[in-house]
Amino acid sequence: MPAQPTLCQRHVLVVDDSKAQRKVLSLSLARGGYRVTEAGSGEEALALCRKTAFDIVLSDWMMPGMTGLEFCRIYRSLPRERYGYFILLTSKSEKTEIADGLDCGADDFLAKPVSPDELRARLRAGERILGMQTELVEKNRLIGSTLDQLQKVYDSLDRDLIEARKLQQTLIRDRDHDFGRGQVTVLLRPSGHVGGDMVGYFPINPHTVGLYSIDVSGHGVASAMMTARLAGFLSGSSPEHNVALRADTPGHREGWPPHLVAQRLNRLMFEDLKVDQYFTIAYAEVNLLTGLVQLVQAGHPHPVILRANGQIDLLGNGGLPVGLIPEAEFETVRACLLPGDRLFLVSDGVTECPSPLGDELGSEGLSRILQANLTLSNTEILEALVWDLSDYAQASEFPDDVSGALFLYKG
C-alpha cells in the first residue's frame, strides 16, 4: 500500500478578494507545512481547480462577481479522483445561511477574522477526513483488484463446468432406444451446470433390459463425479464392470436380482469408494417377453406404472438409501406390464418440485400429469412433464435436478 500523504504534501488553495487577507492565511499555512496557492476571485480559483486537484480549499464567502457559495457549488461538480475539503470563510452566523453553505458542498466554516488556533483545528479535522478518504480509496482499489481476480477465476470455473456438463450429458449416449418389444426414453435436466442425478438403461440379454434412476446427495461437482462413477458400475458398454450383471453361461448374461444389485452398490460405497456421500436409486429389470418387472426402491420416489387405460400404480415400499448403513437390507418388488403400459423411474426433483407457495407436486400431481398426457409418445410425455413442472413452479429453472427413465412395453 502506498504511503499516505503527509502534512507538507497537502496543497491548499486560498481564495479571497483581499490580498492582505490572503497573505495572512498563506503565511499561517506555510508555517504549518502546507503548500499554498492563492486566487483573488472565484473565477480565478475555478480556473486553477480545473488544472490542479487541491487537497483543501479556503474560500471567502463574500466576493465580487462569483461568490464563495457559487464557487463551492461549481467546485463540487468538477471531475476529480480524490476528495477536496472545502472550508468557507464567513462572518455569517445565521442557521439558514450555514445550511445554504452545507447544501452547496462546504465541509466546514471559519469565522472572520480567522483565529490561527481555530484554523489549525479546522485543518486537522480536514486532514482526518482526507486521510480516511485516501484509505477508503486504497481499500476500494484492492477490493476492485480482488473482484477482478475472482471474476477471472469464476470465468475459468464456469468454462470448466460447461465442459463438465457436456461430459455428464455424454454419459447417456442415446436419449431414446427401441428394443423391439419395448422402448425407453430418458430425461436428464440438471438444476445447475452439473447435477447429482443420473438415469440410464442397458441390455442384460436379448430378452431383458435394465433401467435405473439415481440421485446422489448434495449438488455440484462432487455429486456429478459420483454419478459418473456410478454410471460406470451400471454401464452397458462395459458389461464386465456392470454390478447388475453376471455370466450365467459362456456368452450369456443374466442379471442379479435387484435387491442384490442395491446390496452390491452399498458394499462398494463402504469398501471401495469410502466417501461421505450416499444416493437413492430405483433399479428395474424388465422382461421383454413376459412384461415381468422386478425392481428395488432404495430411498427413491416410488416408481410409477402408467397403465394403458390411465390407471396409476405406485411400486415399492421406500427403502433405505445406498451408502447410508453398511448392512442395509433391500427388497425386490415385482409387477407385470401389459402391452401399452409404461414404467416410469423418476427423481425427487419432480415429485418435490415446489409451487410458489411451497407446496410440493407429490406423487398425486405426477399422476395427474402422466394421465393427462397418456396418448402421447414417450418423448412427448417427458417434454410435457417439463412444461407442466415449469407451469406448476411458475419458473423456467428448478431448484433440484429433474430426471427420469420412461419405459413403454409394447409386448
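The values are calculated or read from the model by the stated rules, or taken from the named source; none is laboratory data. Since the structure is predicted, the reported quantities are computational estimates derived from the model, not experimental observations. Using ideal geometry, Cβ is built from the backbone for each residue, glycine included, and neighbour counts are taken over all protein chains shown.
Brief remarks on what is shown
- Extreme residue, surrounded by the most Cβ atoms within 10 Å (Cβ to Cβ), among residues of the range 110-147 that are hydroxyl-bearing (Ser, Thr, Tyr) and without any contact (Cβ under 8 Å) to a residue 24 or more places away in the chain: 115
- Some residue of the range 42-65 being surrounded by fewer than 20 Cβ atoms within 10 Å (Cβ to Cβ), in contact with a Phe, Trp or Tyr (Cβ under 8 Å, 6 or more places away or on another chain), part of a strand (DSSP E or B) and at pLDDT 90 or above: no
- Taking the criterion of being among the hydrophobic types (A, V, I, L, M, F, W, C), surrounded by 15 or more Cβ atoms within 10 Å (Cβ to Cβ) and under 15 Å from residue 71 (Cα atoms), the residues of the range 95-108 that qualify are 104, 106.
- Of all the listed residues (149, 183), the sole one being over 32 Å from the mean Cα position of the chain (by Cα), modelled with pLDDT of 85 or more and more than 30 Å from residue 23 (Cβ to Cβ) is 183.
- Every residue from the range 176-227 that is of a type in the set (D, E, K, R) and free of Cβ contacts under 8 Å to residues at least 12 places away in the same chain: 178
- If you go through the range 203-224 and keep only what is crowded, with 17+ Cβ neighbours inside 10 Å and either under 24 Å from residue 320 (Cβ atoms) or under 29 Å from the mean Cα position of the chain (by Cα) (or both), you end up with 210, 211, 212, 213, 214, 215, 216, 217, 219, 223, 224.
- Qualifying residues in the range 390-411 (those that are surrounded by 17 or more Cβ atoms within 10 Å (Cβ to Cβ) and over 29 Å from the mean Cα position of the chain (by Cα)) - the one nearest to residue 338 (Cα to Cα): 409
- Of all residues in the range 350-389 being among the polar types (S, T, N, Q) and closer than 22 Å to residue 198 by Cβ, the one that is surrounded by the fewest Cβ atoms within 10 Å (Cβ to Cβ): 379
- Candidates 286, 322: the one that is more than 22 Å from residue 406 (Cα to Cα), of a type in the set (A, V, I, L, M) and touching a strand residue (DSSP E or B) at 6+ places or on another chain (Cβ under 6 Å) is 322.
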